[in-house]
Amino acid sequence: MAESQTIRWPKRFNVVGLCFCAVFICYIDRVNISVAAIAMQEQFGWTETTKGFVLSSFFIGYMLAMGVAGLLSDRYGAKRVLGIAVIWWSIFTILTPFAANAGFAVLIVTRIAMGLGEAATIPASYGIIGRWAPASEKARSISIMISGIPLGTLFGLIVTGWIVSQYGWPAAFYIFGVVGILWLPFWYFLVHDEPAKHPSISDKELEDIGVTRGAEALIKVFPWRTFAGLPAFWALLFNHFCANLQLYIALAWLPSYFRNVQGLSISGAGLYSAAPWLVMFIMVNVSGVLADKLMQRGMATTVVRKIMQCIGLAGASVFLMMMPFASTANEAVFLLCMILGAASFTVPGYGTNHLDIAPRHAGVLVGITNTIGTIPGVVGVAFTGWLIDTTGSYNSVFLMIAAVNLVGSIIWLIYSTGERLVD
């Protein structure tokens, strides 16, 4: 049958789907220790300070390797870099129980090493999706990939608790570590770095992507000085920080909020904390499709990116400022669902903008912006604890995030662009 009459599964769907799976695995491996640490603390006699060092040590490796991961991905190919990274962090996930029993210092080194591996996930995924996604599918492709974050968080929080209760805390690291190893064969057999080099891709899909069969990939030196002179780059950098601030604080502090403020049991706090992540998973994909549809109907890319980002930051700020008035757990979880639901729109906002302004440098670019975006994980989460202790309330935290979001929205409206700025 002629190719034009044959319905073929697009190869780019394999790329996006397996990048989503990598992000999902990345987050289940990242968050399982937040639950397992409760049992580990009891076994090893950790203080809260010691536990805090264990939980935050991951972000040291994660932040240090982010930019390097982007450079390696662009230079040697996302397929190779992400494949090695997933195996790397999966091995260190499996080794975590052995490290914990060997001593505190060994555990800290293991967690830092795991962070080094996971640092490649987002830059490598951006790099390869930037090569495979047609202009009309950029937002939804990035949204699908990023939706592995809330879904992995949701899955990790719920399933780890069950595994720990049934089989003990080491089992959570053994089981989740194996998942990454099982992912690897699919990645290596189904994915190629460049569409033009894929042996069985159709001419129609190459046309959709906008490349020529057999074309050589151009590897360019990252133009640091060019980016440093672009206001749109600095707006992107700050907005990545803003988006991650509310993400990491929600990840770390929601269970404590429901436990301490709304008076729920530990299991109840976990259940209520999971609901906003489910909403975020749904809305990340909805917002991605909506952004692409708006562009397909003729709306300028710059306008779409500004609308999406401002819904994500300013929209979330409205509900953040309402949080101090939540008198019941149901009211609180509703508002938190609205906050993370609105925050989802930042993915087709700043999240996709890396592919707009510099598609051939997207891997390195997101590595740089996500390095700054990791600061809330290292510093912001700890500062939140200090702020709660100092003010005696979570209200100051909600208002702080809302203020940062509003500043980010203003900067984005003034300086961002959806135009290609760097070849």
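The values are calculated or read from the model by the stated rules, or taken from the named source; none is laboratory data. Note that the structure is predicted; figures quoted are calculated from it, not measured. When we count neighbours, we look across all protein chains shown, and the Cβ atoms used for this are built from the backbone with ideal geometry, even at glycine.
Overview of results
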| read-out | value |
| --- | --- |
| Segment 319-334 - residue that is without any contact (Cβ under 8 Å) to a residue 12 or more places away in the chain and outside any loop (DSSP other than H, G, I, E, B) and, of those, farthest from residue 399 (Cα to Cα) | 330 |
| Selection status of residue 60, outside the structural domain of residue 301 (by TED's automatic domain parsing), under 19 Å from the mean Cα position of the chain (by Cα), farther than 29 Å from residue 282 by Cβ and assigned to a helix (DSSP H, G or I) | yes |
| Residue tally, condition closer than 18 Å to residue 74 by Cα, in a helix (DSSP H, G or I) and at pLDDT below 90, over segment 127-154 | 4 |
| Criterion (buried (at least 22 other Cβ atoms within 10 Å of the Cβ), assigned to a helix (DSSP H, G or I), in contact with a helix residue (DSSP H, G or I) (Cβ under 9 Å, 6 or more places away or on another chain) and of a type in the set (A, V, I, L, M)) met by exactly one of 87, 28, 108 | 28 |
| Residue satisfying condition, being in contact with a Pro (Cβ under 9 Å, 6 or more places away or on another chain) and surrounded by 18 or more Cβ atoms within 10 Å (Cβ to Cβ), within set 66, 145 | 66 |
| Residue within segment 290-311 that is crowded, with 21+ Cβ neighbours inside 10 Å, under 20 Å from residue 247 (Cα atoms) and among the small types (Gly, Ala, Ser) present | no |
| Qualifying residue in segment 121-135 (condition: of a type in the set (A, V, I, L, M) and farther than 30 Å from residue 207 by Cα) | no |
| Which numbered condition residue 158 misses (of (1) out of contact with any Phe, Trp or Tyr (no Cβ under 8 Å at 6 or more places or on another chain); (2) within 15 Å of residue 22 (Cα to Cα)) | (2) |
| Residue ID - surrounded by the fewest Cβ atoms within 10 Å (Cβ to Cβ), chosen from residues in segment 72-84 that are over 22 Å from residue 17 (Cβ atoms) and at pLDDT 85 or above | 76 |
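Every residue, every condition in (1) hydrophobic (A, V, I, L, M, F, W, C); (2) over 20 Å from the mean Cα position of the chain (by Cα); (3) at pLDDT 85 or above, yes or no:
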residue: 5; (1), (2), (3): no, yes, no
residue: 9; (1), (2), (3): yes, yes, no
residue: 30; (1), (2), (3): no, no, yes
residue: 41; (1), (2), (3): no, yes, no
residue: 45; (1), (2), (3): no, yes, yes
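Yes/no per residue for (1) within 20 Å of the chain's Cα centre (by Cα); (2) acidic (Asp, Glu); (3) closer than 30 Å to residue 71 by Cα:
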{"residue": "335", "(1), (2), (3)": "no, no, no"}
{"residue": "360", "(1), (2), (3)": "no, no, yes"}
{"residue": "366", "(1), (2), (3)": "yes, no, yes"}
{"residue": "379", "(1), (2), (3)": "yes, no, yes"}
{"residue": "386", "(1), (2), (3)": "no, no, no"}
{"residue": "421", "(1), (2), (3)": "no, no, yes"}
